[in-house]
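The next block holds one structure in the form of structure tokens; read it before the comments.
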Amino acid sequence: MNLTKEQVSQLLHEAAITLFADSLEELPPRQQYQALAFVVKGLAGPTWAAAKHGADERGQKQVYYFAIEFMPGRLLASNLLNLGILEPVEAGLRDLGLDPAALYAEETEPGLGNGGLGRLGSAFLDAMAAVGIVGNGNGIRYDQGLFEQRFVDGYQVELPDDWLRDADVWETRKADRAVIVRFGGQVLLDRDRLGQITPVYRGAEEVFAVPYDTAIIGYHQPRINTMRLWHAEPVPDAPEVLTAAARARITAITETLYPDDSNLAGQELRLRQEYFFVSAGLQSIVAHFLKYHKSVLQLPKYVAVHINDTHPALAVAELMRLLLDEHHLSWESAWQTTVATLSYTNHTLLPEALEQWPVDLLAAQLPRLWQLIQEIDRRFRLRYTGPFGQLLVDRAAPVVDGQIKMAALAVIGSHTVNGVAKLHTQLLKTQTLKELATIFPARFVNKTNGITPRRWLQLADAPLAGLLDVQIGPGWRTDARDIAALADKQDDPAVLDALIAAKQANKVALAGYIQETLGLRVSPAMIFDVQIKRMHAYKRQLLHVLGILEAYQALRAGEKRPPRLHIFAAKAAPSYTYAKDIIKLINTVADLVNHDPAVNGALQVAFLPNYNVSLAEKIVPAADISEQISLAGMEASGTSNMKLMTDGAITLATLDGANIEIAEAVGTSNIALFGMTAEEVAARRTAGYDPAAIAEADPRLKKSLGMLIDGSLPLGSAGHTIYESLLVDHDEYFVLADYASYIHASRVLDQLWTDPHGWAAVALQNIAASGRFSADDTVRRYAKEIWHALPARGGQEKWQN
Ligand code: 26Q
């Protein structure tokens, strides 16, 4: 799209008058931001409008990505970049005396997700638009996103996230596209005049599902997709007047995001959320489809529905319901159509995160779906017990012991199932879902996750992006695989110096932010050692803390070490007390080392509150070390590992999730690996394990553990809880088993740091090898091998105005 800076200025002034009846110069920054966002939305509008019909008219297959979480991050700069107008707009703003970065910072980030899962969904939407796939998001418009985190006395405190207080400029309410979603009541099966079985609903609770659409703009091409998020409201003008309580039950459905990314909550409200966005999404897809096509039997030819983790797995039963009850297909053709339309990604191996719903709960909320799930279960058992035997089929079936297993439902009702990294897929097939993989071996495939280099490199890391332009030309901006060309420069000292300077600029910026936020002065000359992700025992932030205490003792004993700043950012689920204890521990250790003159300058700890996409954009480009230290076999993939690599951090990692593929890509001499393999962990679990003996044999470790309980760290009960988790409760995540090799790997990095060009050469190799983790390629593989939805770059759409 073309735009001059003079046009930018004119459009902005007009928007200020239209929106706020004031001149641009008079507006507070927040409203200047809103005016600019309004202009951008207007520029994209005509192309977006045209895109909605283009694909249908061409008969191009569409993908619908169903996810209970999305985390798009701030959209203004990203939209400007994708529209190809970042430069004229920034120039126009500067001419007006406005600071672009300051305006971008006025945007409230939509925190409609917990972590990796939601961020991956948004990366995929961005990537699908970039590569020309007609791919839409389908999810929930929560009134409140993930809580805002503050620290009070080192403890996490949660505040509500009122992100819609100022209205979201990007969304468009589509009241005319609302649909009705039904819960509860009774379902009787009747026969209509033609003798077809039809369900009759009595006393169901009706919920009005109103879509809010946000444009997802393709990078440098006129492809604009839609993220559709549903909002729950009472049905307007319903014949019955609702009590306040009945209204509240309805509006509660989309009131808040569940802040837990790992625990089976088993709560009614969560189930209602899941059915709500699945039913609304499928109803609107099928209705839209039938405007362009005659028969629902054609659905899989034109539509792919993707189930992101099991949260939307009710899609299997809901699509069956629509095809059977509303479109009167036979069971066999409805089932064929359903399986051919759906595909499913698993994101977790943690048993406690595998969703199961008690039959009573589901049957009460979704009586018709329960009938259908029973029939799916009955037919599954009938079909496979003969060939595979009762025992195996019992373990694979969706309904067992009064519980409905959502992963089983998703696998049985999908044509393809994928894990998110090679190891993860392997473990799914051999452990977590092994019975289902025995029955459907051809269904299981791997699709390693990816990240969007536009947000993490072009937008968040301008210094490195500029360096790449100079060194290898700008081709990498459209095809991340071109970054590989950087590898040839590793012996060029001028390039290494430029790389060091780019990193330094980012570190200076982050140091400023740390000073502002924590009042902590840090030197950009230190090693910036980063661990940013949800707080979880299996991710082993505790191992990182033990590493800090080791360094603390070493420094106090007079050892010399390169100065290191340990940077953490992480939210804990509000109910996850152990994770909150670790937060308290990190803040307490920070207090100790940051104030101890004996280690002054050589060791510091900064725990930045309220981790979200925007904070990641500050931390990732400034990182020297990327800590990816989960217990092998636990982290499905990880994606912060990819972001940090892309921006030139060196990975300190276990052989877990996508770390293994990072090591493959970059070569084992350019990554610091340590710890047990997933196989060794499994063996150790059976062989038995004595953490106390390990602690006893290592004086420094013993001292660090002692510090948890001897009063040197004012931790309250958290110290004892953590101490006991290791030494009394057998250290479930093998922190102590991997400790020595972690310290060793970390010391190897200290050694490398003493040679700045040596370090920079390794960082350079990491950047060069990061292209293969571009989400663009990931979604191309999904499109080719799962969705059968061919991407089309350019050519088909045109910019409209
Ligand atoms: C389930 C039931 C009840 C309540 C909550 C949940 C729930 C909610 C969110 C379970 C899991 C999640 C999110 C999981 C998640 O973010 N998984 C991460 O997905 C990333 C993208 O594939 C991977 O890179 C990470 O390894 C994985 O942990």
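The values are calculated or read from the model by the stated rules, or taken from the named source; none is laboratory data. A quick note: this is a predicted structure, and the numbers were derived from the prediction, not measured. Ideal geometry is used to build each Cβ from the backbone, glycine not excepted, and the neighbour counts take in all protein chains shown.
When you scan region 458-488, how many residues do you find that are assigned to a loop (DSSP other than H, G, I, E, B) and in contact with an Asp or Glu (Cβ under 7 Å, 6 or more places away or on another chain)?
In the first step, residues of region 458-488 are kept if they are assigned to a loop (DSSP other than H, G, I, E, B); the result is 460-461, 473, 478-479.
Among the residues that remain, those that are also in contact with an Asp or Glu (Cβ under 7 Å, 6 or more places away or on another chain) are: 460-461.
Matching residues across region 458-488 total 2.
Criterion applied to 490, 431 was being more than 17 Å from residue 774 (Cβ to Cβ), surrounded by fewer than 20 Cβ atoms within 10 Å (Cβ to Cβ), touching a Leu at 6+ places or on another chain (Cβ under 6 Å) and among the polar types (S, T, N, Q), and the one residue passing it is 490. Checking each residue in region 509-522 for being surrounded by 13 or more Cβ atoms within 10 Å (Cβ to Cβ) and in a helix (DSSP H, G or I) picks out 509, 510, 511, 512, 513, 514, 515, 517, 518. Number of residues in region 415-428 that are buried (at least 19 other Cβ atoms within 10 Å of the Cβ) and without any contact (Cβ under 8 Å) to a residue 60 or more places away in the chain equals 1.
Determine, yes or no, whether residue 318 is away from the ligand (no atom under 16 Å from the Cβ), among the acidic types (Asp, Glu), surrounded by fewer than 22 Cβ atoms within 10 Å (Cβ to Cβ) and at pLDDT 95 or above. Spelling it out, it is not the case that residue 318 is away from the ligand (no atom under 16 Å from the Cβ), among the acidic types (Asp, Glu), surrounded by fewer than 22 Cβ atoms within 10 Å (Cβ to Cβ) and at pLDDT 95 or above. Of the residues making up region 204-251, those that are under 24 Å from the mean Cα position of the chain (by Cα) and assigned to a helix (DSSP H, G or I) number 0. Every listed requirement among (1) crowded, with 16+ Cβ neighbours inside 10 Å; (2) more than 15 Å from residue 440 (Cα to Cα); (3) within 29 Å of the chain's Cα centre (by Cα) is met by residue 368 save one, (3).
Given the criteria touching a helix residue (DSSP H, G or I) at 6+ places or on another chain (Cβ under 7 Å), buried (at least 24 other Cβ atoms within 10 Å of the Cβ) and over 22 Å from residue 640 (Cβ atoms), does residue 480 qualify? For residue 480, the condition - touching a helix residue (DSSP H, G or I) at 6+ places or on another chain (Cβ under 7 Å), buried (at least 24 other Cβ atoms within 10 Å of the Cβ) and over 22 Å from residue 640 (Cβ atoms) - is not met. Just one of (1) at pLDDT 95 or above; (2) farther than 30 Å from residue 493 by Cα fails for residue 688. It is (1).
Do the conditions hold for residue 278, that is, is it away from the ligand (no atom under 16 Å from the Cβ), within 25 Å of residue 371 (Cβ to Cβ), in contact (Cβ under 8 Å) with a residue 24 or more places away in the chain and not acidic (Asp, Glu)? Lay out the reasoning, then the answer.
Details: away from the ligand (no atom under 16 Å from the Cβ): no; within 25 Å of residue 371 (Cβ to Cβ): yes; in contact (Cβ under 8 Å) with a residue 24 or more places away in the chain: yes; not acidic (Asp, Glu): yes.
In short, no.
Which residue, of 310, 338, is outside any helix (DSSP H, G or I) and crowded, with 20+ Cβ neighbours inside 10 Å? Don't jump to the end; show me each part of the working.
Working: 338 fails: outside any helix (DSSP H, G or I).
Residue meeting the stated conditions: 310.
Of all residues in region 439-448, one or more are in contact with a Gly (Cβ under 6 Å, 6 or more places away or on another chain), under 21 Å from residue 773 (Cβ atoms) and surrounded by 16 or more Cβ atoms within 10 Å (Cβ to Cβ).
Per-residue answers, yes or no, for (1) of a type outside the set (Asp, Glu); (2) buried (at least 24 other Cβ atoms within 10 Å of the Cβ); (3) more than 25 Å from the chain's Cα centre (by Cα); (4) at positive phi:
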| site | (1), (2), (3), (4) |
| --- | --- |
| 67 | yes, yes, no, no |
| 72 | yes, yes, no, no |
| 76 | yes, no, no, no |
| 91 | yes, no, yes, no |
| 111 | yes, yes, no, no |
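Screening the candidates 735, 681, 728 for the property of being free of Cβ contacts under 8 Å to residues at least 12 places away in the same chain and within 28 Å of residue 583 (Cβ to Cβ) yields one hit, 728.
Filtering region 688-708 to residues that are part of a helix (DSSP H, G or I), among the hydrophobic types (A, V, I, L, M, F, W, C) and closer than 14 Å to residue 731 by Cβ leaves 692, 693, 694, 695, 701, 705.
Do we have any residue at all in region 199-213 that's under 18 Å from residue 362 (Cα atoms), away from the ligand (no atom under 16 Å from the Cβ), surrounded by fewer than 21 Cβ atoms within 10 Å (Cβ to Cβ) and aliphatic (A, V, I, L, M)?
For region 199-213, residues under 18 Å from residue 362 (Cα atoms), away from the ligand (no atom under 16 Å from the Cβ), surrounded by fewer than 21 Cβ atoms within 10 Å (Cβ to Cβ) and aliphatic (A, V, I, L, M): present.
If you go through region 671-687 and pick out every residue that is surrounded by 20 or more Cβ atoms within 10 Å (Cβ to Cβ) and in contact with a strand residue (DSSP E or B) (Cβ under 9 Å, 6 or more places away or on another chain), you end up with 4.
Got at least one residue in region 688-700 being over 16 Å from residue 542 (Cβ atoms), in contact with a Lys or Arg (Cβ under 7 Å, 6 or more places away or on another chain) and surrounded by fewer than 17 Cβ atoms within 10 Å (Cβ to Cβ)? Scanning region 688-700, I find at least one residue that is over 16 Å from residue 542 (Cβ atoms), in contact with a Lys or Arg (Cβ under 7 Å, 6 or more places away or on another chain) and surrounded by fewer than 17 Cβ atoms within 10 Å (Cβ to Cβ), so the answer is yes. Residue 325 falls short on exactly one of the conditions (1) touching a Pro at 6+ places or on another chain (Cβ under 8 Å); (2) more than 16 Å from the ligand (Cβ to nearest atom); (3) under 20 Å from residue 141 (Cα atoms), and that condition is (3).
Apart from one condition, residue 592 fits all of (1) over 22 Å from residue 753 (Cβ atoms); (2) in contact with a strand residue (DSSP E or B) (Cβ under 7 Å, 6 or more places away or on another chain); the exception is (2). Residue check: is residue 272 of a type in the set (Lys, Arg), surrounded by 13 or more Cβ atoms within 10 Å (Cβ to Cβ) and away from the ligand (no atom under 14 Å from the Cβ)? No.
Here is the figure for region 17-35: residues that are modelled with pLDDT of 95 or more and in contact with a Phe, Trp or Tyr (Cβ under 9 Å, 6 or more places away or on another chain) total 7.
I want to confirm something. Restricting to region 246-267 and keeping residues that are charged (D, E, K, R) and at pLDDT 95 or above, which single residue is nearest to the ligand (Cβ to nearest atom)? If you could, list the steps in order and put the result at the bottom.
Filtering region 246-267 down to residues charged (D, E, K, R) leaves 247, 249, 255, 260-261.
This time we only want the ones that are at pLDDT 95 or above, so: 247, 249, 255.
Details: 247: 25, 249: 20, 255: 16 Å.
So the residue we want is 255.
Taken over region 116-141, the residue count meeting the criterion of being within 16 Å of the ligand (Cβ to nearest atom) and at positive phi is 0.
Can you give me the number of residues within region 160-181 that are surrounded by 15 or more Cβ atoms within 10 Å (Cβ to Cβ) and of a type in the set (Asp, Glu)? Final tally of qualifying residues: 3. Summed over region 47-91, residues that are of a type in the set (Val, Ile, Thr), more than 16 Å from the ligand (Cβ to nearest atom) and in contact with a helix residue (DSSP H, G or I) (Cβ under 7 Å, 6 or more places away or on another chain) total 2.
Residue 358 meets each of the listed conditions (1) within 16 Å of the ligand (Cβ to nearest atom); (2) over 26 Å from residue 200 (Cα atoms); (3) over 24 Å from the mean Cα position of the chain (by Cα) apart from (2).
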